[in-house]
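The values are calculated or read from the model by the stated rules, or taken from the named source; none is laboratory data. These figures come from a predicted structure and were not determined experimentally. Quick reminder, even Gly has a Cβ in these numbers, built from the backbone with ideal geometry, and neighbours come from all protein chains shown.
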């Protein structure tokens, strides 16, 4: 039985995004008085459910790093996507280590995760046009670009202190959720996408 590099990457990306969504929900539920509108997401990292949130966001980054390794083995041409995914993962792990109490450092790693997460969604499609073999095809390619643009657009508004009446927490989620949706969708896409690389062979 052959295990494809691409499929392994897909499983890891899907788990990474899914477990963080669940960790986020649990952290919010256990944080009495927490408002998804008025509170920043990172407030969860210093609240009563901080151990759950920080572990989950760190695991998100760790699984992304490992998944990106397998993705690179399967699709060596996609170096830009590999780079943006690695930076996204580093940012996510940084958020789990450098909480709000670290001030500027926390803001920097959060920005890295947000910015390169959105760019990863876009480059999963844009990078494909440089090669004969397309990593992501329609209709998911269209969805990926839309989610990436949504993330980056929300990031611009967020940094400009424009929350569209959603509150800081609501606008921050307009940055994060598209990345997670893309990550889970991209993982599912890779699990169903054929490629020739292998990570392990069994009789």
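Assorted remarks:
- Residue ID - modelled with the lowest pLDDT, chosen from residues in the range 1-26 that are over 12 Å from residue 188 (Cβ atoms) and surrounded by fewer than 20 Cβ atoms within 10 Å (Cβ to Cβ): 1
- Test result for residue 90, surrounded by fewer than 19 Cβ atoms within 10 Å (Cβ to Cβ), over 22 Å from residue 10 (Cα atoms) and without any contact (Cβ under 8 Å) to a residue 40 or more places away in the chain: no
- Across the range 16-42, the number of residues qualifying as free of Cβ contacts under 8 Å to residues at least 60 places away in the same chain, assigned to a helix (DSSP H, G or I) and farther than 14 Å from residue 60 by Cα comes to 6.
- Residue 39 vs. criteria under 22 Å from residue 191 (Cβ atoms) and over 17 Å from the mean Cα position of the chain (by Cα): no
- Against the conditions (1) surrounded by fewer than 19 Cβ atoms within 10 Å (Cβ to Cβ); (2) closer than 23 Å to residue 192 by Cβ; (3) at pLDDT 95 or above, residue 133 satisfies every one except (3).
Here's the yes/no breakdown for (1) surrounded by 16 or more Cβ atoms within 10 Å (Cβ to Cβ); (2) over 25 Å from residue 5 (Cα atoms); (3) more than 17 Å from the chain's Cα centre (by Cα); (4) at pLDDT below 95:
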{"position": "129", "(1), (2), (3), (4)": "no, no, yes, yes"}
{"position": "162", "(1), (2), (3), (4)": "no, yes, yes, no"}
{"position": "167", "(1), (2), (3), (4)": "yes, yes, yes, no"}
{"position": "171", "(1), (2), (3), (4)": "yes, yes, no, no"}
{"position": "177", "(1), (2), (3), (4)": "yes, yes, no, no"}
{"position": "181", "(1), (2), (3), (4)": "yes, no, no, no"}
{"position": "195", "(1), (2), (3), (4)": "yes, no, yes, yes"}
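- Per the listing 116, 123, the residue uniquely within 22 Å of residue 60 (Cα to Cα), surrounded by 20 or more Cβ atoms within 10 Å (Cβ to Cβ) and at pLDDT below 95 is 123.
- Test: residue 148 is modelled with pLDDT of 95 or more, within 16 Å of residue 41 (Cα to Cα) and either in contact with a helix residue (DSSP H, G or I) (Cβ under 6 Å, 6 or more places away or on another chain) or in a helix (DSSP H, G or I) (or both): no
- When the range 31-68 is filtered for residues that are over 22 Å from residue 171 (Cα atoms) and surrounded by fewer than 17 Cβ atoms within 10 Å (Cβ to Cβ), the ones remaining, listed by number, are 48, 51, 55, 62, 66.
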